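> I'd like to ask some things about the structure below.
The values are calculated or read from the model by the stated rules, or taken from the named source; none is laboratory data. Please read these numbers as outputs of a predicted model, since none were measured by experiment. A quick note on method: Cβ atoms are made from the backbone with ideal geometry, for glycine too, and the neighbour counts reach across all protein chains shown. For the accessible areas, the whole protein counts, side chains as well, though only heavy atoms, and no ligand, DNA or RNA atoms are used. Shrake-Rupley method; radii C 1.70, N 1.55, O 1.52, S 1.80 Å.
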Amino acid sequence: MKIALCASEVVPFAKTGGLADVAGALPLALEKEGQQVIVIMPRYKAMQNSSFKVQRLKEGVSYSLIGKDIKVYFIENDAYFNRDGLYGDKNGDYPDNLDRFSFYCKRALDLLREINFKPDIIHLHDWQACLIPVYLKNLYLLDVFYKNIKTVLTIHNIGYQGLFPKEQFPKLGLDWSLFAIEGLEFYDKINMLKGGMMFSDIINTVSETYSKEIQTKEFGFGLEGVLNKRRDSVFGILNGLDYTIWNPETDKFIAKSYSINTAKDKSKDKEDLQKLCNLPLESDVPLFGVVSRLAEQKGFDILAEGIDTICRMNLQLVILGTGDLKYHLIMEDMVKKYPQVISLHLKFDDPLAHKIYAGSDIFLMPSKYEPCGLGQLIGLRYGTIPLVFKTGGLADTVNQDNGFIFDRYSKDGLIKTIEKAVAGFKNKHKWAALVNRAMKCNFSWDASAKKYIKLYEKAKTK
Ligand code: ADP
């Protein structure tokens, strides 16, 4: 099959979040499965000083290579993309994001013809690429080159929709009739994601549970009705984890490497982490790790409510992350009150994240909602038992057999489950068996890529 993957950020070229990880890893896994893949993304300023080789294709288009033979095409436009940020700066979103990403979508479609690559599937990601199916099914409808190209839209987080004032609609080059309930209109605004959802052949999210959750009022951010109407075309495929990066056997950042057969060595990483964090060197006290944005979505509201009680339990807690100031302040207070229990690192620090995944006993991730989640997958691979709220991708990857999971989102639910984990940690034999089961879990990209291929096959029948 021929697949064109269109995303606004792709590892290793540009990244602000998990979207880039998926857009960078999935093409490689698809290529391994024998598929022919190209990738199309904007060319940002941030890429100027990077080490990968970029070659010029023609005016306004350059490309680089990943995997064995995957071309990643960069759509250029200095006025739009030669800026420090991808989507905005400290003042917020760039005001011309509609112009920027409608340009990207149109150019991506034109490029297919220019390089004579007619894909079976365009796999587009998030609102930035959502005009592709809209244009395909409207502006390009009668053009034979584009006939029979099918589209799959993956939504990585439905909270981000690309909303713009309706006065900007004429810039899209679309007929005003598309500014309607059955088109891009959403409470009198332009909603790019909705456009993508209306015109893609298949809609997909990054876990099965999240694909169902977003069809409800609680999780749908207003788009549950649209998804409900299209429910026969809505699917969920879990993201994979890049095991070349996240592997305790080869991890260069951790004090002592270990595998499923030498999981005992993990205790050396715990000791290293305790030293680094100025926590007492106690092997019998369970060490909880958090690597996260400090945000309500990540469960910091209930964690903040319960933190005083939690700090009085027989445990240690290391938190790495940045986010809402109010959570910074609450956690800083706790460090003052319980310096022997909690260690706080308000920053983004990849090496420290690796040390926390390896050195902790339990990975705490009580997200209120979680489209897929990577932290719990990394925790499992490192034998660091995830403790999660039952939602989205967390519900699809963590269960009683490999972790701790609670199903009522509340401070009490969280505290009770932490108590359970603390009690469970006392039984060394059972705990070692739990670590073993966790480390056996496999969430590789290979499995997810196979599922995507099946989804593409389904799209071809639409
Ligand atoms: P998100 O919703 O933030 O994308 P995920 O769980 O999907 O959440 O992925 C977050 C990724 O970012 C994980 O790999 C996690 O280890 C990493 N991460 C988050 N915060 C930090 C931080 N402060 N320092 C280093 N890595 C971080």
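> Considering only the other residues whose Cβ falls under 14 Å of the Cβ of F425, what net charge follows from Lys and Arg at +1 and Asp and Glu at -1?
Counting the neighbours of F425, the net charge comes to +2.
> So which GluC sites (Glu not before Pro) in region 137-189 end up in coil per DSSP with only 15 or fewer other C-beta atoms within 10 Å?
Numbers: sites: E167, E182, E185; in loops: E182.
Filter output for region 137-189: E182.
> Shifting gears a bit: Roughly how many Å is it from the Cα centre of region 410-456 to that of region 223-246, as a whole number?
20
> Now, a different point. How much length would be gained if the chain were fully extended between F348 and Q297, taking 0.36 nm per residue of separation minus their Cα-Cα distance, in nm to one decimal? Display every interim value, and only then the final one.
Numbers: separation 51, 0.36 × 51 = 18.36 nm, distance 1.78 nm.
Extending this stretch completely gives an extra 16.6 nm.
> Only loop residues by DSSP count here, and only those with at most 12 other Cβ atoms within 10 Å; note down the trypsin sites (Lys or Arg not before Pro) in region 270-368 that meet that. Provide the component values of the computation, followed by the final result.
Numbers: sites: K270, K275, R293, K298, R312, K326, K336, K337, K347, K355, K368; in loops: R293, R312, K347, K368.
Sparse-neighbourhood loop trypsin sites (Lys or Arg not before Pro): R312, K347.
> At a Förster radius of 51 Å, what calculated FRET efficiency corresponds to the Cβ-Cβ distance of D401 and K326, to the nearest 0.05? Don't skip to the end; give the middle numbers.
Values: r = 36 Å, r/R0 = 0.70.
FRET efficiency, D401 to K326: 0.90.
> For N82, what is the net charge nearby, where nearby means another residue's Cβ is under 10 Å from its Cβ and Lys, Arg count +1, Asp, Glu -1? Intermediate values should be presented prior to the final figure.
Values: positive: R43, K45, R83; negative: E76, D78, D84.
That works out to 0.
> If you line up the long axis of helix 411-425 against the longest principal axis of the chain, both from Cα atoms, how many degrees apart are they, to the nearest 10?
60
> Rounded to whole Å and ordered largest first, report the semi-axes of the equivalent ellipsoid of region 58-200 derived from its Cα gyration tensor (root of 5λ). Don't skip to the answer; put the middle values down first.
Values: eigenvalues 111, 83, 40 Å².
Listed largest to smallest, the semi-axes of region 58-200 are 24, 20, 14 Å.
> What's the carbon and sulfur percent of the chain's accessible surface, probe 1.4 angstrom, rounded to a whole number?
Numbers: 10200 of 20090 Å².
Answer for the chain: carbon and sulfur cover 51 percent of the accessible area.
> Pull out the extension gain between S177 and K462, defined as 0.36 nm times the separation in residues minus the alpha carbon to alpha carbon distance; nm, one decimal. Mind dumping the intermediate values first?
Details: separation 285, 0.36 × 285 = 102.60 nm, distance 2.42 nm.
100.2 nm is the gain from fully extending S177 to K462.
> Lysine pairs in region 95-201 with alpha-carbon atoms under 19 Å apart, 8 or more places apart or on different chains: how many are there?
Summing the qualifying lysine pairs gives 18.
> Can you tell me the orientation of helix 350-359 relative to the chain, as the angle in degrees between its alpha-carbon axis and the longest Cα principal axis, to the nearest 10?
40
> Could you pull the Cα extents of region 271-311 along its three principal axes, largest to smallest, in whole Å?
Reported extents, whole Å, longest axis first: 31, 21, 14.
> Next up: How many Å² of accessible area per residue for region 376-417, probe 1.4 Å?
Values: 1390 Å² over 42 residues.
Result: 33 Å² of accessible area for each residue.
> Same structure, new question: If the viscosity is 0.890 mPa s and the temperature 25 °C, what translational diffusion coefficient in µm²/s does Stokes-Einstein give for region 290-362 when Rh comes from Kirkwood over Cα pairs? Show your work: numbers first, answer last.
Numbers: Rh = 12.4 Å.
This corresponds to a translational diffusion coefficient of 198 µm²/s.
> In addition: Quick check: the distance between the Cα centres of region 324-356 and region 107-144, to the nearest angstrom?
45
> Would you mind computing Rg(Cα) / (2.2 N^0.38 Å) for region 145-268, counting N as its residues?
Values: Rg = 21.0 Å, N = 124, 2.2 N^0.38 = 13.7 Å.
Ratio of Cα Rg to 2.2 N^0.38 Å: 1.53.
> Considering only DSSP states other than H, G, I, E and B, which chymotrypsin sites (Phe, Trp or Tyr not before Pro) in region 122-207 qualify as loop sites with at most 10 other Cβ atoms within 10 Å? Each step should come with its number before you reach the end.
Values: sites: W127, Y135, Y140, F145, Y146, Y160, W176, F179, F186, Y187, F199; in loops: Y140, Y160, F179, Y187.
Answer by residue number: Y187.
> Below 8 Å between Cα atoms, with a sequence gap of 6+, how large is the relative contact order for region 60-178 in percent?
Relative contact order for region 60-178 comes out at 21 percent.
> According to the Cα gyration tensor, what semi-axes, each the square root of 5 times an eigenvalue, does the equivalent ellipsoid of region 199-358 have, listed from largest to smallest in whole Å?
Values: eigenvalues 253, 104, 31 Å².
Ellipsoid half-lengths, sorted descending, are 36, 23, 12 Å.
> While we're here: Ranked highest first by the average count of other Cβ atoms within 10 Å around their residues, in what order do 112-119, 241-248 fall?
Values: 112-119: 15.2, 241-248: 18.0.
Answer by packing, highest mean first, reads 241-248, 112-119.
> Same structure again: Using the alpha-carbon atoms, what tilt in degrees (0 to 90, nearest 10) does helix 18-32 show relative to the longest principal axis of the chain?
For helix 18-32, the angle is close to 70 degrees.
> Another question about this same structure. With a 1.4 Å probe and every protein chain left in place, work out the accessible area per residue of region 238-322 in Å², rounded to a whole number. Mind showing how you got there, number by number?
Details: 3780 Å² over 85 residues.
Per-residue accessible area for region 238-322 comes out at 44 Å².
> So which lysines can K326 reach, going by Cα to Cα under 23 Å and dropping same-chain residues fewer than 8 places off?
Counting by Cα, and skipping residues close in sequence, K326 has these lysines nearby: K90, K298, K336, K337, K347, K368, K411.
> Which percent of Cα pairs goes in each bin when the distances of the chain are cut into 20 angstrom slices starting at zero?
Pair shares across the bins are 24, 53, 22, 1.
> Quick one: Cα centre-to-centre distance for region 391-407 and region 1-32, in angstrom?
Region 391-407 and region 1-32 have Cα centres spaced 27 Å from each other.
> At 222 nm, what helix-only mean residue ellipticity would the chain give, in deg cm²/dmol to the nearest 500, using -39500 (n - 2.57) for each DSSP H run of four or more? Could you put the intermediate results ahead of the total?
Details: 16 runs with 166 residues, N = 462.
Rounded to the nearest 500, it is -10500 deg cm²/dmol.
> Counting Lys and Arg as +1 and Asp and Glu as -1, what is the net charge of the other residues whose Cβ lies under 14 Å from the Cβ of K68? It would help to have the intermediate numbers written out before the result.
On the way: positive: K32, K71; negative: E31, E33, D69.
Computed value for this residue: -1.
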